[in-house]
């Protein structure tokens, strides 16, 4: 009997070119399939055309922002967790992310790539 292959597709929406390429490289080296988007519109297209294990959304992006993407992905209608990334940890952003069904709110400057990868791994492992 063949065991199912775990889904390791992570979609990252980040408008900062340097961070997007860093996530792409580090997540790929850690064994994840990675698709990146530089805008909220591009993220929605990737999500609708793929079956992600996890989605990471930056809040501030051109076009529609991470919150607007999350509004189009209600928790009850999706099969994957969503992490929100931000440079700002003000209470309003954290509260809005929770209200919209984000599974985690992560402050970019307070987490290393290694810690982010560990969080992604544990979250995906819980899903599978």
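What the table below lists for this structure:
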item	result
Meets criteria (modelled with pLDDT under 95, farther than 21 Å from residue 127 by Cβ and part of a helix (DSSP H, G or I)) for residue 42	no
Residue among 122, 28 that alone is surrounded by fewer than 14 Cβ atoms within 10 Å (Cβ to Cβ), part of a helix (DSSP H, G or I) and in contact with a strand residue (DSSP E or B) (Cβ under 9 Å, 6 or more places away or on another chain)	28
Residue 102 vs. criteria touching a helix residue (DSSP H, G or I) at 6+ places or on another chain (Cβ under 7 Å) and modelled with pLDDT of 95 or more	yes
Near pairs, Cβ below 9 angstrom, 6+ apart or cross-chain, from segment 63-91 (at positive phi and free of Cβ contacts under 8 Å to residues at least 40 places away in the same chain) to any residue that is surrounded by 14 or more Cβ atoms within 10 Å (Cβ to Cβ) and part of a helix (DSSP H, G or I)	63/40; 63/41; 63/42
Selection within segment 92-119 - loosely packed, with under 12 Cβ neighbours inside 10 Å and either without any contact (Cβ under 8 Å) to a residue 12 or more places away in the chain or not in a helix (DSSP H, G or I) (or both)	92, 95, 99, 112, 114, 115
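The values are calculated or read from the model by the stated rules, or taken from the named source; none is laboratory data. Just so we're clear, the structure is a prediction, and the values are computed from it rather than from any experiment. Positions of Cβ are backbone-derived with ideal geometry, glycine not excepted, and every protein chain shown enters the neighbour counts.
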